[in-house]
1. Please find the FRET efficiency linking Leu80 to Phe2, where r is the Cβ-Cβ separation and R0 is fixed at 30 Å, and quote it to the nearest 0.05.
2. Which angle from 0 to 90°, rounded to the nearest 10, does the C-alpha axis of helix 5-14 make with the longest principal axis of the chain?
3. Return one number: the angle in degrees, 0 to 90 and rounded to the nearest 10, between the long axis of the Cα atoms of helix 26-40 and the longest principal axis of the Cα atoms of the chain.
4. If you take all C-alpha pairs in the chain, what percent of them are over 18 Å apart?
5. If the cut-off is a Cα-Cα distance under 21 Å, which lysines reach Lys59, setting aside same-chain residues fewer than 8 apart in sequence?
6. How large is the dipole of region 22-67 about the Cα centre if only Lys and Arg carry +1 and Asp and Glu carry -1, each at its Cβ, rounded to the nearest 20 debye?
7. Share of region 43-82's accessible area from carbon and sulfur, percent, 1.4 Å?
8. How about the chain: which chymotrypsin sites (Phe, Trp or Tyr not before Pro) there lie in a loop by DSSP and see at most 13 other Cβ atoms within 10 Å?
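The values are calculated or read from the model by the stated rules, or taken from the named source; none is laboratory data. These numbers were taken from a predicted model, which means no experiment stands behind them. All Cβ positions, glycine included, derive from the backbone under ideal geometry; neighbour counts span all protein chains shown. Only protein heavy atoms, including side chains, enter the accessible area calculation; ligands, DNA and RNA are left aside. Shrake-Rupley method; radii C 1.70, N 1.55, O 1.52, S 1.80 Å.
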Amino acid sequence: MFRYFFMRKLWFAQSSRAVIVFPGGFGTMDEMWEFLTLIQTHKMGHRVTILLYGSKFWKRAIDFEWLLEAGNGREEELKLMP
């Protein structure tokens, strides 16, 4: 359906109202960070909810609190992920 990968991601992002991210590998992380970046930079044009399924996995995979402590994020950005 899509010749170029970035077009698939763009089409997927623009039509989404919510994204559920299940535990996965690098591809999953890539998709999640792309969505977060688009939301953070106000490029979506609409509100998108991101849900991380499996808190046990995500708390080990990404320490969001530590990202804040290290200065690699802001408190309001952490609120993007309830």
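1. So, using R0 = 30 Å, E works out to roughly 0.65.
2. Approximately 70 degrees, to the nearest 10.
3. Orientation of helix 26-40: about 90 degrees from the principal axis.
4. Summing the P(r) of the chain above 18 Å gives 45 percent of all pairs.
5. Leaving aside lysines fewer than 8 places away in the same chain, those within reach of Lys59 are Lys79.
6. Charge dipole of region 22-67: 160 debye, to the nearest 20.
7. Ligands and nucleic acids excluded, carbon and sulfur give 51 percent.
8. Here the sparse-neighbourhood loop sites are Phe2, Tyr4, Tyr53.
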